[in-house]
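Structure first, then comments.
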Amino acid sequence: MDDLRKRLLKNEERLTCLVRIKAGAQWGNISGFQEKLKVLQHSFYDLSEMQLDSELRKIEAGINFIEKRCEEGLSSMEGVRIVRNPLRFTLKDILENVYEEYTELGGAGETSIDPAMVAAKAQIVRRVKKKLVSQPVMVIGQEKGHGEEFRNGGSCKPWGNEKALRYMRVAETEGIPIHFYIFTPGSFPVEDYPGAAQQIARNLYAMAKLRVPMISVISEGGSGGAEAVGLSDFRLMFSHGYYSVISPEGAAAIEGKIKEGSKVPPELVEACAERLKITARENLALGTIDRIIQEPLLGARRDDFVFFKQLKSEVIRATDEVILKTKSFRSFRAYEVKLKKAEEAAAEEPQINISWDLNQDEIKRLLSFRSKKYRHLAMDAFGGQPTPSLALYRKLRNIAARTYYGFRYDLLRNQQKQVEKVIKDVSGEGSILLDRVIAPFRRVFDFINREQADRPVVVTKQPGDRTNGEDPIDLELWDTYTSPLANEDRTVTCPNADKHGCKDLWVPDLYGEFAGVCENCGHHFPLEYEWYLKNLFDPDSIREFNAEYQSLNPLAYPGFDSRLKVARAKTGRNSANITFYARVMETELVVTMLYSDFRNGTVGAAEGEKFVRACEKARLKRRPLLAYVHTTGGIRIQEGSIGVVQMPKCTMAVREYIDSGGLYIVVYDNNSYAGPVASFLGCSPYQFAIRSSRIGFAGRRVIRETTGEDIPPDYHHARNALKRGHIQGIWDRREFRKNLHRALLTMGGRALYYR
C-alpha cells in the first residue's frame, strides 16, 4: 500500500507542475485528473490493491499523454515557469548528486555572507578502465533554495558576487577547474559597496584572464546577474533553461509602457518571452552557448537521479574538451571525446585518462582560445560588414600596421629605453663616484668661501612666474560651435533653486557662455553630445572610423526595424557608439562615445563590435583609450542574449588592452545604467563622472519593485558613487578638457606612445 500511496502523491505532484506550467488547471483536462485523484485518495482504504493499481494506471496513462502534449507545444514563457518551479533541482541538489563530496566555503546556509551565492570545493569522480579517478574542482553558482527565503531566490547581492570572485582566485591559486552553475533571475540591484554593477564588472574583468579552465551551465540566466559567473571556456545550457537580457515581465513592462503598480497583461508577457529568443535551442542557434544538456519531460526535478548522472557526464566531457584543446598531444583522446558526444552515450562520462593540470604553455593556449571565442561572438548580428575584397585589404593593412608599430614601439622604443636606462644608471654611478673624488676639494673650497655662502640671497619674483610648478589652464571653449539649446529666448529654473537660492537662468547665457552650468550652485544641465565633440578635442583632430557598422534587428523583433530607421534619420548615424581618433592638447587618443540620441545609448552587437575595434586600434597604436558615456540605458533588450554577450566580449577586449600597458579612462555623463556599467565600463581603474550625472545598476522603479524599498532621489548621484568608491573623481564640465589632459599625462602604463 505504501508504494501505491507514493504513486498517488507522485501523480499529484506531476499535476501540480502542469498547473504551474500552464498557469491554470483548465488546459488538457488537468482539473479532471485532479478530481479523479482526489476521489481515489478519499476511497484509498475502501478499494483493494488491485483496484487501486488499476485506477492509478489509467490516471498515469492520461497524465503521460498530456505531459507529452505539453512538452511538444511548450512556449517560451512556459519554459520560464518550468525554471521557476519550486520542485526544480537547484545547485545544492547538483552538489549532492554530481560531486562525490564537497565543502561549502565562505559560510553555509543562513550564516553565509550571501546565501544566494554558494562556493564549494568538491571532488568529481570518473571511471578510467577499472579505476575511480577523483579530480578536485571549485563549484560556484547561485542557490535558489527550496522554499528558503534567505536565499533571495538566487538573486545575489554585490557581496555575494565578491565572494564568488574570491573563490575563483582560490581555484586559480590551486590550479583547479571551475564549474559555474547559473540559477539567477538577476542580480540584487543595490549600490552599497562593492556595488551591484561594479562587482559584476570586476568579476568579468578577472574571469577574462583567469588561468584555469572554466565551464558554465545555465538553468536560469537573468541578465547581468548571470554574467557575474558566466564568462567561461565552455557554456552549457539545460534544455528547459532560459538565458535572457531581461525577464519577460520586465520586457513587457517596458514595451507596454506599463505604469508602476499596474498589472502587466499576460498576453504581452507571453509575446515578449517569444520575441526575446530565450530558450536553449534559440541560444544555441544564436551562438551564445556551446551545447545543450537534455532534460526529461517538462524539466528535471530534484529526484531525477538519471539526469544527474547525465549532467556529471556532460560537465566532465566539457572540461575534457577545454583541456584537450590546450594539449600538444591530444588527437586520439580528442577523437574519443568527440565520439562520446552522441546522445545515446551522454549518460556515461568518457573513460579517458585526461589530467586537468595545465603547464604554463597550456595556460597560454587556454587564454588564447578564450579570447578568440569571445572575439567571434555575434559577428553576424550587425550590418556594414566589409566586402571580401575590402576585408582582405584591411587585413593586409592591419598586418602592415602591426609590423610598423611593433618595429617602432616594441623594437626601437624598447632599445631606446634600454639605452636611456643604461645611460641613466651609468650617469648615476658616475655622479656618486665623482662626488666621492671631489668631496675633499669641495670641503676646502666651502671652508674658504664660507662667509660668501652664508650671505642671504634675495629672490625677486617676476610677474607670470608659475606657482608650485603648475601651469594654469583657462577654460577653452571654441567659438566655432554654439549649442542649439542656446537659441531659445527664455529662462529656466535651476533644480537647486530652493536649496541654494539660485536665480532663474537666461537660456542663451546658460548654454552659451556658462557651458550649461548654473553659475551659483554648479548644477550641470544636460548638453548634446556634439558640444563635447566640438569643445573637448583639438579643432579638426577628430577622424571617425568604423562608422559604417550599423545596428540591425537580429532577432526580428516586431516593430524594431522602424525604430532603428527613426534613430538613423534623427542622428544621421548607424549606431549608438561613435569611435574616432582625436587629440587633446596635442596628445593623441582613441575615443569611444555612447550617446543618447540613438536608442538612448543602448548597446547591441554593432556598438559592442565598434568598442572592441576601438580597443584593438588603441592597443595597436599605443594610444590612450577614452570611453566617454554621454548616456547609456544599458544593453539593448531587442537583441536579447546577443546584447548580453557584449558584456564579456567587450570586457575581454578592455582587459587585453590594459594588460598590454594602455590607459583606459571612463567618463560618465548624464545617465549611465545597467549592463555597460556592469562590464566594460565599470572595470576601468580610472572612472570619473561629470558633475550632476547619475551612475548605477538599475533605475528607481526596478529597485522599488525588486527590493520593496524606496530609495532617495540622489541615490545614483555621482557624489554618492564617489562616496561608495565606484568612481575616482567628479569633474566640472568646464574643466573636462584640462582634467582629461592631466589624466592622460599622469595615469596609465608605460606602453603609451608618448612614454
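Is there a residue being in a loop (DSSP other than H, G, I, E, B), buried (at least 23 other Cβ atoms within 10 Å of the Cβ) and in contact with an Asp or Glu (Cβ under 6 Å, 6 or more places away or on another chain) anywhere in the stretch 659-671?
no
Just one of the numbered conditions (1) of a type outside the set (Ser, Thr, Tyr); (2) free of Cβ contacts under 8 Å to residues at least 12 places away in the same chain; (3) within 28 Å of GLU705 (Cα to Cα) is not true of ALA285; which one?
With respect to (1) of a type outside the set (Ser, Thr, Tyr); (2) free of Cβ contacts under 8 Å to residues at least 12 places away in the same chain; (3) within 28 Å of GLU705 (Cα to Cα), ALA285 is out only on (3).
From the set of residues in the stretch 458-513 that are modelled with pLDDT under 90 and among the hydroxyl-bearing types (Ser, Thr, Tyr), which is least open to solvent (accessible area, probe 1.4 Å)?
The extreme case among them is SER483.
Across the stretch 425-438, which residue is nearest to ARG755 (Cα to Cα) among those that are open to solvent by 80 Å² or more (accessible area, probe 1.4 Å) and charged (D, E, K, R)? First the steps, then the outcome.
Within the stretch 425-438, the first condition is being open to solvent by 80 Å² or more (accessible area, probe 1.4 Å), and the residues that meet it are 425-426, 429, 432-434, 436-437.
Add one more test, that the residue is charged (D, E, K, R), and what stays is 425, 429, 436.
Working: ASP425: 19, GLU429: 24, ARG436: 34 Å.
If we take residues in the stretch 425-438 being open to solvent by 80 Å² or more (accessible area, probe 1.4 Å) and charged (D, E, K, R), then ASP425 is nearest to ARG755 (Cα to Cα).
Answer yes or no: is there a residue in the stretch 708-719 that is β-branched (Val, Ile, Thr) and at pLDDT below 95.
Step one: list which residues in the stretch 708-719 are β-branched (Val, Ile, Thr), which gives 711.
Retained after the next criterion (residues that are at pLDDT below 95): 711.
Checked against the condition, which is being β-branched (Val, Ile, Thr) and at pLDDT below 95, the stretch 708-719 yields at least one hit.
For the stretch 237-289, list the helices (runs of 4 or more DSSP H) that sit wholly inside it and hold at least 3 residues that are open to solvent by less than 30 Å² (accessible area, probe 1.4 Å); which are they? Before the answer, list the steps.
Working: elements: 248-255, 266-275, 280-286.
In the stretch 237-289, 248-255, 266-275 are the helices (runs of 4 or more DSSP H) which contain 3 or more residues that are open to solvent by less than 30 Å² (accessible area, probe 1.4 Å).
Among the residues of the stretch 16-36, write down those that are over 15 Å from ALA300 (Cα atoms), in a helix (DSSP H, G or I) and open to solvent by less than 60 Å² (accessible area, probe 1.4 Å).
Matches in the stretch 16-36: VAL19, LYS22, GLY28, ILE30, SER31, GLY32, PHE33.
Of the numbered conditions (1) within 20 Å of GLY604 (Cβ to Cβ); (2) over 17 Å from the mean Cα position of the chain (by Cα); (3) not polar (S, T, N, Q), LEU681 fails exactly one; give the number of that condition.
Of the numbered conditions (1) within 20 Å of GLY604 (Cβ to Cβ); (2) over 17 Å from the mean Cα position of the chain (by Cα); (3) not polar (S, T, N, Q), the odd one out for LEU681 is (2).
Specify the residue that is surrounded by the most Cβ atoms within 10 Å (Cβ to Cβ); the eligible residues are those in the stretch 716-732 that are in a helix (DSSP H, G or I) and more than 20 Å from the chain's Cα centre (by Cα). Spell out how you get there, then give the answer.
Narrowing the stretch 716-732 to residues in a helix (DSSP H, G or I): 718-723.
The next check asks that each one be more than 20 Å from the chain's Cα centre (by Cα); those that pass are 718-720, 722-723.
Details: ALA718: 25, ARG719: 13, ASN720: 17, LEU722: 17, LYS723: 11.
The residue in question is ALA718.
Counting residues that are touching a strand residue (DSSP E or B) at 6+ places or on another chain (Cβ under 7 Å) and aliphatic (A, V, I, L, M), which helices (runs of 4 or more DSSP H) fully inside the stretch 496-606 reach at least 1?
Values: elements: 497-500, 507-511, 529-535, 560-571.
So the answer is 507-511, 560-571.
Let me spell it out: the conditions are (1) open to solvent by 30 Å² or more (accessible area, probe 1.4 Å); (2) out of contact with any helix residue (DSSP H, G or I) (no Cβ under 6 Å at 6 or more places or on another chain); (3) over 24 Å from PRO526 (Cα atoms), and ALA606 meets all of them except one. Which number is the exception?
(1)
Those residues that are within 17 Å of the chain's Cα centre (by Cα), of a type in the set (D, E, K, R) and surrounded by fewer than 24 Cβ atoms within 10 Å (Cβ to Cβ), I need them from the stretch 208-236; list them, please.
LYS209
Determine whether LYS395 is open to solvent by 90 Å² or more (accessible area, probe 1.4 Å), within 21 Å of LYS621 (Cα to Cα), without any contact (Cβ under 8 Å) to a residue 24 or more places away in the chain and not hydrophobic (A, V, I, L, M, F, W, C). Walk me through it before giving the result.
Values: open to solvent by 90 Å² or more (accessible area, probe 1.4 Å): yes; within 21 Å of LYS621 (Cα to Cα): yes; without any contact (Cβ under 8 Å) to a residue 24 or more places away in the chain: yes; not hydrophobic (A, V, I, L, M, F, W, C): yes.
Spelling it out, LYS395 is indeed open to solvent by 90 Å² or more (accessible area, probe 1.4 Å), within 21 Å of LYS621 (Cα to Cα), without any contact (Cβ under 8 Å) to a residue 24 or more places away in the chain and not hydrophobic (A, V, I, L, M, F, W, C).
Only one of PRO676, PRO648 is outside any helix (DSSP H, G or I) and in contact with a Gly (Cβ under 8 Å, 6 or more places away or on another chain). Can you tell me which?
Details: PRO648 fails: outside any helix (DSSP H, G or I).
Unique residue meeting the criteria: PRO676.
Which of the helices (runs of 4 or more DSSP H) found entirely inside the stretch 42-114 contain at least 1 residues meeting this: without any contact (Cβ under 8 Å) to a residue 24 or more places away in the chain? If you could, list the steps in order and put the result at the bottom.
Working: elements: 49-72, 76-83, 91-97.
Hits in the stretch 42-114: 49-72, 91-97.
When you go through (1) over 15 Å from LEU752 (Cα atoms); (2) modelled with pLDDT under 85; (3) open to solvent by 90 Å² or more (accessible area, probe 1.4 Å) one by one for VAL422, which number turns out not to apply?
Against the list (1) over 15 Å from LEU752 (Cα atoms); (2) modelled with pLDDT under 85; (3) open to solvent by 90 Å² or more (accessible area, probe 1.4 Å), VAL422 comes up short only on (3).
Out of THR184, THR173, I need the residue that is open to solvent by less than 10 Å² (accessible area, probe 1.4 Å) and of a type in the set (Ser, Thr, Tyr). Which one? Steps first, please.
Working: THR173 fails: open to solvent by less than 10 Å² (accessible area, probe 1.4 Å).
Exactly one residue qualifies, and that residue is THR184.
Here is a check on your reading of the model: is ASP710 open to solvent by 60 Å² or more (accessible area, probe 1.4 Å) and in contact with a helix residue (DSSP H, G or I) (Cβ under 7 Å, 6 or more places away or on another chain)?
On the way: open to solvent by 60 Å² or more (accessible area, probe 1.4 Å): yes; in contact with a helix residue (DSSP H, G or I) (Cβ under 7 Å, 6 or more places away or on another chain): yes.
In short, yes.
Here are the criteria: (1) within 30 Å of ASN574 (Cα to Cα); (2) of a type in the set (Ser, Thr, Tyr); (3) over 27 Å from the mean Cα position of the chain (by Cα); (4) at pLDDT 90 or above. Tell me which single one THR387 does not satisfy.
(4)
The values are calculated or read from the model by the stated rules, or taken from the named source; none is laboratory data. Just so it is clear, the model here is predicted, and its values are computed rather than measured. Don't worry about glycine lacking a Cβ; one is built from the backbone with ideal geometry, like all the others, and counts go over all protein chains shown. All accessible areas refer to the heavy atoms of the entire protein, side chains included, with ligands and DNA or RNA removed. Shrake-Rupley method; radii C 1.70, N 1.55, O 1.52, S 1.80 Å.
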